[in-house]
Every structure is written in C-alpha cells, then in structure tokens.
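Q: Below is a structure I'd like to ask you about.
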Amino acid sequence: MHGLFAASNALIKVVPGLMIWTLVAFGITVFVLKRYAFGPIQAAIDQRRERIQQTIEEADRAREESRKLLEEHRALISQARGDAEQILAEARKVADAQRERVREETEADRHRRLEETKRQIEAETHRALGQIRMEVASLSLVAAEKVTGKVLTDTDQRRLIDEAIAELDFSALEQGRA
C-alpha cells in the first residue's frame, strides 16, 4: 500500500523540467490543432450555421407565403359566397318578375276572354231579339188576317208590323242583358 501512495505523490509533485516540456508539447499541440484542425472545424460549423440560418429563413418565407395564400383563399371563399348570394338574389328577382309577368298575362287573358264572352252574349241577345221581333210581326200579321178576314198588301203588312213592334216593350229583355 505504501507503493501506491508513493506513485501518486510523484504525479502531484511539481517538477520544473517536466512542466516546461509539458507546456511546450501543449503549445505545439494547440498550434497544430489551431492551424490544421480548428480552422476546418470552425469552417464546417460556420457552414452548418449558415445552412441552418438559410433553412430557417426559407421556412419563414414559406410560412409567410402560406399565410398569404391562406388569406387569399379565405378572401376568394368569401367573395365566392358573396357572388353566390348575389346570383341567388338575382335569380329570385327574375323568378318573381316571371311569376308577376305570368300572373299579369293570365289576368289579361282572362279579361280578354271575359270581354269576348260579353260581346258574344250581346251579339246573341241582339240576334235573339231580332228573331223575336220577326216572330211577333209574323204572328201579328196572321192574327190581323184572321181578324179582318182578308189578305193584307205589303204596305199594310209593313205598317201593322211597325205598329206591333212599337207597342211591344223590349226594354225588359234588353235590361236583363245589361
């Protein structure tokens, strides 16, 4: 055990010659490392730092571009929604206008048919009244011939027809038609 302490004491003991050679070896090692190792290692570290910086900048640019694209996408979506709402509003207006136009055309057609029906009724009423007048005149002539017992001349027939028609009151029939 004693030997172990003696060896450890020798390493701890300061020896000036050994110290100088240790410092010289250390200085040469530092010089060699600095000249041949530290430069390339530092260059590699600088290159890596530069690549990492470029990658970070590219990521920032990509993130900014993504944000802009997202904003543009959202703007396009909102614009598309607005356009869709505008198209729907215009379609509703067109549909309402067409419905109104069809309703007006139907109403106009109904009025036109109603007027046509009224004209037909009036024409038929005038024709029927004319027929009734002719029948009344004919019956009046037959009755006059039977009463008088003679055949009347054309002038007498015309005069009797006019008198019979004048005595008849067709106003009640004409009022019923109005």
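The values are calculated or read from the model by the stated rules, or taken from the named source; none is laboratory data. Predicted model, so just to flag it, every value in this text is computed and none were measured. Cβ coordinates were reconstructed from backbone atoms using ideal geometry, including for glycine residues, and neighbour counts include every protein chain displayed.
Q: Can you name the number of the only condition in (1) modelled with pLDDT of 95 or more; (2) loosely packed, with under 10 Cβ neighbours inside 10 Å that Gly3 fails?
A: (1)
Q: Val102: surrounded by 10 or more Cβ atoms within 10 Å (Cβ to Cβ), β-branched (Val, Ile, Thr) and without any contact (Cβ under 8 Å) to a residue 12 or more places away in the chain, yes or no? Quick ask: steps written out before the conclusion?
A: Details: surrounded by 10 or more Cβ atoms within 10 Å (Cβ to Cβ): yes; β-branched (Val, Ile, Thr): yes; without any contact (Cβ under 8 Å) to a residue 12 or more places away in the chain: yes.
Yes; evaluated as a whole, the condition is true for this residue.
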